[in-house]
Amino acid sequence: MNISFNKIAYQGFITLAMIIFVLSGCSQLGPEFMENGRNEYNKVLANTNDEEMLLNLVRRRYADSIAILEVNSVSTSLEWKRGGSLIANIFEGTDNNNLGVRGDGSYSEKPTITYLPLQGSNYVRNVLSPIQPEIILLLTRSGWSIERLLRLTANKINGINNASEASGPTPTFAPSYKEFKALANIFYQLQQKNIVSFGYKSQGDRDNLALIIREKFIESEDVKRLLAALNLSTKNNIIPLTSNFSGGAEGEYIEVNLRSLAGIQFFLSHGVLIPHDDIINNRVKITKTEDGQNFNWQNILSDLFVVYSQREKPSNASVKVKYRGHWFFIKDNDMESKYTLMLLNQISALQSGNLEKIGPVLTLPVSQ
């Protein structure tokens, strides 16, 4: 009896030690759940933000109303329950002694996602107001190309037209754009050579945005080409920018007419390649050239932003949405379009500012 009992006790000790080991290992599951869960939420949040932005660009091209449903908060609770037991049946004078081990565990996750529809007068005012010039300064100092920024945000610079007619519903006639594309490219080349940048010029008690030319390059051919393109006669290396030019020293200022956030979205919506069926059935407005031909918006946007469309779900898309029976998508290897979408998201966040939360807050608990 003593031998049998000792044998069972020994087995029980070993089994209990194994249970303790397993349960102690389970105590480390929390960090793993957090790592996997947080990364997945992060990816989904980023992807759905891009999808919503793309969907609204497509809607604008079709002259359909848009809506923005912001993810206001994401919270989740994780619960891991575990347990174990050791059962021993010992019978004197028999070999029918047995040892039983039982373990159980359960995991549950309870996410709650809160949506906020962006609407109301404050939001509309921010969307329709010209973007703040300081946004351009901030983004250029963050590494963005001046060329991309100006082509995206400017209607006109010193009267040079950047397809300003496209900053709203699709225009009837083809816009002017070639001179501005050349100007934006000059800015890009000078930025690459570290000759120009944006900064501030102090005037009295105010700091005004200005184009800063490195002094030693003021007489260079590159700078002369820029000043000629802008029709500037100044010899100063700090040239103030103004969005409200009201006379004064003509040729001494750079007058910048900036798009609103809605204007930027309308402009980029013309980069959506519309399915042929929707074109022939007049589901979108078609812009005409002087000789009555359909204007190709890719002449303006092919190197900036292109959205493809097809009936089949694309396999090579960076971001895609289904709308009106077609898939609209940005190709995964189209880096220019991906960067432009990223820049649009940043401008949208900066221009939106601190918005008053108007309207219902939709809270959706998600069950497993």
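Bear in mind these aren't lab numbers, they're just calculated from the coordinates by the rules spelled out. Just so it is clear, the model here is predicted, and its values are computed rather than measured. Note that we place each Cβ from the backbone using ideal geometry, even for glycine, and neighbour counts take in every protein chain shown.
Each Lys or Arg adds one and each Asp or Glu takes one away; over the other residues whose Cβ falls under 11 Å from the Cβ of I157, this sums to 0. Give the residues of segment 299-325 whose amide nitrogen is closer than 16 Å to a point set 7 Å from the Cα of I280 in the direction of its Cβ. 311, by backbone N distance to the label point. Taking Lys and Arg as +1 and Asp and Glu as -1, the other residues whose beta-carbon sits under 14 Å from that of S142 total +1. Given their separation in residues at 0.36 nm each and the Cα-Cα distance between them, D332 and K193 gain 47.0 nm when the chain is fully extended. Here's the list of lysines a cross-link from K322 could span, going by alpha-carbon distance under 27 Å and ignoring same-chain residues fewer than 8 apart: K43, K285, K313, K331, K338. Summing Lys and Arg as +1 and Asp and Glu as -1 over all other residues whose Cβ lies under 15 Å from the Cβ of A67 gives a net charge of -2.
Here each label is just a point 7 Å from Cα along the line to Cβ, and for N39 and S75 those points are 2.7 nm apart.
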